[in-house]
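Bear in mind these aren't lab numbers, they're just calculated from the coordinates by the rules spelled out. Just so we're clear, the structure is a prediction, and the values are computed from it rather than from any experiment. Counting neighbours? That spans all protein chains shown, and the Cβs are built from the backbone with ideal geometry, glycine included.
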């Protein structure tokens, strides 16, 4: 895992901790959280925030369904975070896009 230099025991232990974190969670919840965060941050561009927000909400709902089927996995809060941030990205992106559209039309 060392980018520069030799990999140390500390690097290996950190990699194992990250691997354990990722494997214990639903992959849909992780993807939803990432997409939701990108949607909320990129909502100012309008279209991209809306598209990422829709994807985050869809994947987040799929993540919650996945977590119901496999209760040993973690990630419920990540899926909910992705849904909420995705919704924020949709609302803010659509509002900014419509304000630009009405400003150009008027």
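Below 8 Å, C-alpha to C-alpha, sequence gap of six or more: please give me the relative contact order for the range 26-105 in percent.
This gives 44 percent for the range 26-105.
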task: Going by C-beta contacts inside 10 Å, put 47, 80 in order with the fewest on the left.
output: 47, 80
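Could the peptides 21-31, 56-66 be put in order, highest first, of the mean number of other beta-carbon atoms found within 10 Å of their residues?
Values: 21-31: 17.0, 56-66: 20.7.
Highest-to-lowest ranking by the protection proxy: 56-66, 21-31.
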message: Using Cβ contacts closer than 10 Å as the measure, can you line up 84, 92 from fewest to most?
response: 84, 92
message: 7 Å from Cα along Cα→Cβ at both residue 94 and residue 34: what's the point-to-point distance in nm?
response: 2.6 nm
field: For the chain, alpha-carbon Rg over 2.2 N^0.38 Å
entry: 1.40
